1. If A:A185 passes every condition in (1) of a type outside the set (V, I, T); (2) open to solvent by 10 Å² or more (accessible area, probe 1.4 Å); (3) more than 9 Å from chain C (Cβ to nearest Cβ) but one, which one does it miss?
2. Show the residue pairs meeting these rules: Cβ distance below 6 Å; 6+ apart or different chains; first residue within the stretch A:115-135 and basic (K, R); second residue assigned to a loop (DSSP other than H, G, I, E, B).
3. Give the stretch C:143-164 a look and list any residue that's more than 16 Å from C:I110 (Cβ to Cβ) and open to solvent by 50 Å² or more (accessible area, probe 1.4 Å), or say none.
4. Which of the following residues is farther than 24 Å from C:T186 by Cβ, open to solvent by less than 10 Å² (accessible area, probe 1.4 Å) and not small (G, A, S): C:L62, C:L47?
5. Could you count how many residues in the stretch A:220-245 are open to solvent by less than 50 Å² (accessible area, probe 1.4 Å) and either over 15 Å from the mean Cα position of the chain (by Cα) or aliphatic (A, V, I, L, M) (or both)?
6. Identify, please: which residue in the stretch B:192-244 is assigned to a strand (DSSP E or B) and of a type in the set (A, V, I, L, M) and is, among those, most open to solvent (accessible area, probe 1.4 Å)?
7. Is there any pair with a first residue in the stretch A:238-255 that is assigned by TED's automatic domain parsing to the domain that holds A:G76 and a second that is open to solvent by 50 Å² or more (accessible area, probe 1.4 Å) and part of a loop (DSSP other than H, G, I, E, B) whose Cβ atoms are under 6 Å apart and which are 6 or more apart or on different chains, and what are they?
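The values are calculated or read from the model by the stated rules, or taken from the named source; none is laboratory data. None of these values were measured; they are calculated from a predicted model. Don't worry about glycine lacking a Cβ; one is built from the backbone with ideal geometry, like all the others, and counts go over all protein chains shown. Just so you know, the surface numbers come from the protein's heavy atoms only, side chains and all, with ligands and any DNA or RNA stripped out. Shrake-Rupley method; radii C 1.70, N 1.55, O 1.52, S 1.80 Å.
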Amino acid sequence: MLNRRTFFAAAAIGACIASAPTFAQDNSKDKSIVVASTTSTQDSGLFEYLLPLAKAKTGITVKVISQGTGQALDTGRRGDADVVFVHAKSAEEKFLAEGQGVKRFPVMYNDFVLIGPKSDPAGIKGMKDVGKALTIIKDKKADFISRGDKSGTHVAELALWKASGIDIEKDKGPWYKSIGQGMGAALNTAGASNAYVLSDRGTWIHYKNKDQLAILVEGDKRMFNQYGIMLVNPAKHPNVKKDLGQTFIDYLISPEGQKAIANYKINGEQLFYPNANDAGA
Amino acid sequence: MRAPVTDLPLVFEQANVIAGGVTILDHVSLTLSAGPPTVLIGPNGAGKTTLLRVAMGLTPLSSGRITWNGQERSGSGSDSASKARRAIVFQRPAMLRRSAAANIDYALAGVSAPRAQRIDELLALVGLSGLGSRPARRLSGGEQQRLALARALARDPAILFLDEPTASLDPAATKAIEDIVRAVAARGVKVVMSTHDLGQAKRLAGDVVLLHRGRLAEHGPTPAFFDTPRSDEARQFIAGELLV
Amino acid sequence: MAGETSAFQLVLAGDPGLYAIVWLSLVVSLSAVACAALIGVPFGAWLALTRFPGREGIIVVLNALMGLPPVVAGLAIYLLLSRSGPLGSFGLLFTPQAMVIAQTLLVTPIIAALARQTVEDLWAEYRDELAALDVRPFRRVATLVWDARFSLVTALLAGFGRAAAEVGAIIIVGGNIDGFTRTMTTAIALETSKGDLPLAIGLGMVLMAIVIAINALAWGARRAGEHYAG
C-alpha cells in the first residue's frame, strides 16, 4: 500500500517534470545540435545573423551554449555538446590530442583590440606595437581588466604579455584585475573603472555601452584571433549527433557559409574574416 | 437521533494520570451511568479536563482502568464496533476553516444517510439554522460553541463530554447552551460536563462530582450534594470558600 | 530613458522573440513550483506530524537549504544530467526540463519548510479535535493541508518568487540557448554582458511587472478565499 503510494508519487513528480515544459518547446525534437561556443561569437551578434542562414540551408537548428573557450571545450569533453566552435588554437590542439575531437577546421579570424579610457592615462593611443603598449601599462601600473576565465581572449592576453617579455604572474599587482567573466562583463568593468582591457573586435563593435571607452591599439599581427571548429568525438561520446554536426561544420567552411560570415557587418564594418582555405590557420 | 445506552455505564477504576512527575488524576474511582447530566466541579487544576480527556482516550492512564459497560475499549483500534460512541466539545473548540455546514459534514464523513438533511437537523438543534454557509471562524463565541456541539452530536454519541462549555459566554449565550444540553439529554444522550458555575450545576445536573487536586472529593445526586455534603471540600466549595 | 522605451516598444509591438522568452520563463518557473509543491507540501506535512530521532536535524537542514545558492543547485544538476553524469543518458542537459529540475531543487526546500511550519501550527490547533473525531492519519494530513491552503499559497508564491528571480541555476543547466532555453533572467544577464543595459533594464521591468501581477492575483485569490472559508 505504502509502496504503491510512493510509486504513484514518484510517477506524478516524474511526469510533472517531463511534461511541464513540453508545450514551451517547439523545435527540440526536430534536427538540432548543441554547439558549445565562445562569448565572443554570441556577444558579437554573429550567431543571431548566421544561424538562420545555416538553418535555411541545412535544416539544422543550432542551439548555442555560449561560454569561454576553456569551458566550451570542457562541455565538449563531458559529451554535452556535439560541436565546439572556439578560438584558442593551442587549447584546441590539446583537445584533439586527447581524442576528444575528430578534426579541427579553421573557419575565420578576427582580431583583438586593446581598449582603454579615452583619457588614456598610460598614453598608448595609436601605438602599433602591442608589446610596447602593454609594457607601458605595466610600468605605469595603469588599471587593467583581465577576463581570467580561460577563454580564448584570456589565453590570447596571456600570450601577448609573454610575447612582450612580461611574466604577468610575477609582475601583476593591484592594478591587474582578473574578473573571471565574459567579454561583455569585462568591458562593463573596464568602462566603470577607467581601465584597459583586451577585447575581440566583434564583441567591441557590437557592444553598446562604450561610453568613455575607445580602441587605443590595433592592427598588430600578434593580435589576430583564429576560430576553429571541431566535431566532438562520437567514439568517446556515442550520443554525439555526428552527421548533423558535420553537416553544420561543412556548411560553415563551404564557399556559401564563408561568404555569409564575410557579409556580417555592423555599421558597415566587417567583424570576421573567413579563412577556411588557409590550412595552417 | 437514537438513544443508545449500550456503552454505559462508564466506570473509572483507580484511574491515575501522572505527567512529568506531577499527579493529575489520583486514583479516581467513579461510575457514570445513563440518565441526566453529570456535572464535574472543582477549582482550576483539579483534574476535570484530564478526566474528560481520559474518557475520550486522548490522555492515557498511568495506571488503573476504564470500562464501558464492563468492557475495556482502547479507542485506538480501527474497528468502529470496538469503540465507545463518545464525543467531546473542548473548552475552546477548533473551528475548521470551512463553512459551518462543512464543519458538521466533516464529522459526518462515512455516514451514508442523506447528509444534507442531517446537517440541517443538527444546525436547527443548536439554533444555527440559516448560518450553515457562514465561515465557521466568523461566528461569535457562543455560535462557535453551539456549532462544536452540533459537530460532536453528528457522531451520534452515546455519551457527550463538554469541557466548560459556557466558560466565556454571556448569560444569553449560556442559556442557549443549557437549553441544548437539556434537549440532548432528553433524547437519552448521557452528558458529562465540567463547569465553574455552581448555579449551572444545580440547574442541569442529575449528579455532581467534585474533584480536588486530582482526587475525587465527593460524588452524589444533586440535591444531596448541595444540601448534605459529606466532605469538608464540598462544604467549603459550596459555601464559596477558596479551595486550595 | 531610451532603453525602457525600446523594451516597451518590443512589448507593444508583440515581438514574438520577447514573448517566447517571457512565456518560457513563466512555464519553467511555474512548472518548477508545481513540481516542488507536489514534493514539498506532503513532505513538509509529514515532517510536521511525525516524530522521530533526527527530525530536528532535518528541519535545520531544510531551513538552511532555503538559502541554497542557485549556482550550487545548478552545478549539482549539471553534473547529474551531463552526458558524463549518472543521468546523462536521458539527454536532458540544456533543455527546459533541466531548468525545471534545477529550479525544483531550489524551490522545494522553501515550500517544504514553510509547509511544515504552517501545518505544524495548524496541527497544534486541530490535534485534539481531529483525534476526538477519530480521523485517520491520511485524512488528517489532507485536512491540515486543505485548511492551510491559503497560507500554503503564500509558500508557493515565495517559491515562485525565488524561481522567477534566479539566474544562476538555469543559465548553467539550460545554457541560455536563444529561442530554446533563454528566459528573462538569462536574457538580462546576456544583454548586460553585451553592454545593452537599457534592454536589460527593460526586461527587468517586464519581469518585475509579471512577478507583481502574479502576486497581486494570488493575494486577491487569498483574500476572496479567506472571506469565503474563514
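1. (3)
2. Partner pairs satisfying both residue conditions: A:K118/A:Q212.
3. If we filter the stretch C:143-164 for residues that are more than 16 Å from C:I110 (Cβ to Cβ), which is where we start, we get C:143-147, C:149-150.
The one that is more than 16 Å from C:I110 (Cβ to Cβ) and open to solvent by 50 Å² or more (accessible area, probe 1.4 Å): C:W146.
4. Numbers: C:L62 fails: open to solvent by less than 10 Å² (accessible area, probe 1.4 Å).
Result of the check over C:L62, C:L47: C:L47.
5. Let us first name the residues in the stretch A:220-245 that are open to solvent by less than 50 Å² (accessible area, probe 1.4 Å), namely A:220, A:223, A:225-234, A:237, A:239-240, A:244-245.
Applying the additional criterion that residues be either over 15 Å from the mean Cα position of the chain (by Cα) or aliphatic (A, V, I, L, M) (or both) yields A:220, A:223, A:229-234, A:237, A:239-240, A:244-245.
Number of matching residues: 13.
6. Of everything passing the filter in the stretch B:192-244, B:L216 is most open to solvent (accessible area, probe 1.4 Å).
7. From residues that are assigned by TED's automatic domain parsing to the domain that holds A:G76, the pairs are A:N239/C:R83; A:L244/A:K31.
A quick yes/no check of all residues on (1) buried (at least 19 other Cβ atoms within 10 Å of the Cβ); (2) modelled with pLDDT of 95 or more; (3) more than 9 Å from every other protein chain (Cβ to nearest Cβ); (4) more than 17 Å from C:T95 (Cβ to Cβ):
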{"site": "A:A36", "(1), (2), (3), (4)": "yes, yes, no, no"}
{"site": "A:F47", "(1), (2), (3), (4)": "yes, no, no, yes"}
{"site": "A:S66", "(1), (2), (3), (4)": "yes, no, no, no"}
{"site": "A:V84", "(1), (2), (3), (4)": "yes, yes, yes, yes"}
